[in-house]
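Taken together, the values in this text are just the output of simple stated rules run on the coordinates, not laboratory data. None of these values were measured; they are calculated from a predicted model. Glycine gets a Cβ as well: all are built from the backbone with ideal geometry, and neighbour counts include every protein chain shown.
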Amino acid sequence: MQIVLIGPPGAGKGTQSVQLAEYLHVPHLSTGEMLRDVCRRKTGVGTRACVAMQRGQLVPDALVKEILFERLKEDDCRAGCILDGFPRTVPQAASFDEWLEERKRPLSMVIELRVSREELLDRLSSRGREDDDREVVLARLDQFDELTHPLLDYYNSRGVLQVVDGLGTAEEVFARICSLVDEKK
Ligand code: AMP
């Protein structure tokens, strides 16, 4: 199964997608993680990405697509994967659809993890990751509303969107996700 998880920063998308990947025995692909890795290695291409990431901005599409599409070609992704952090914009989703169509790999489901803005601000201010100071947190939330939120309409109109309430413990949220996925299996 090929599943995309979408949720604002702090919604628990990372935790849930790791668990879902284990549950379905498919790789967990996080573009944020891949980009942080590129940054750590400080290659020429990473420098631009790092500056954007530190400001809470999106990294240019071309770079993200290049990294992700290369990874998707690997054998372990044949049976499916869980995508965490990609696509993040409508143009990214459109390129991804094209990429999947060319390879006859259908998108099984898109899961939206829904959490209110107040709850997110509470969670994010106590998380303390390097790029999590308040300004950056707000920039990332605004960028989600502006660029990523329209993706939900995009996938809804294609009939693949499922909404999951992201409030509660990680276990409670995971149980909601599993029941959706089990129905589809
Ligand atoms: P994440 O770990 O998903 O929260 O991503 C961390 C950061 O990586 C984001 O704030 C962006 O700067 C960058 N990033 C991750 N995925 C994408 C993407 N699909 N498009 C553009 N930038 C991305």
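Structural remarks
- Each residue in Glu112, Glu33 was given a count of other beta-carbon atoms within 10 angstrom of its own, and listing them fewest first yields Glu33, Glu112.
- Using the rule -39500 (n - 2.57) for each DSSP H run of four or more residues, divided by the residues of the chain, the 222 nm mean residue ellipticity is -17000 deg cm²/dmol.
- Spatially proximal lysines relative to Lys184 (Cα-Cα < 28 Å; intrachain offsets below 8 disregarded): Lys13, Lys65, Lys73, Lys104
- Student exercise, the chain dipole from Lys, Arg, Asp, Glu Cβ charges, in Debye to nearest 20: 440 debye
- According to the calculation over all Cα-Cα pairs in the range 1-130, the P(r) per 10 Å bin from zero is 11, 41, 37, 11, 0 %.
- Positive-end residue, the range 90-153 charge dipole about Cα centroid, Cβ charges, pick of Leu107, Ser125, Phe144: Leu107
- Neighbour counting of Cβ atoms within 10 Å sorts the residues Lys185, Lys13, fewest neighbours leading, into Lys185, Lys13.
- Estimated distance in nm for a label pair at Asp133 and Leu180, the labels positioned 7 Å out from Cα along Cα-to-Cβ: 3.5 nm
- Rg/Rh for the range 8-52 (Cα atoms only, Rh after Kirkwood) is 1.10.
- Geometric extent, Cα atoms of the range 87-185 - Rg, Dmax (angstrom): 15.6, 43
- Here the relative contact order of the chain, from alpha carbon pairs under 8 Å that lie six or more residues apart, stands at 35 percent.
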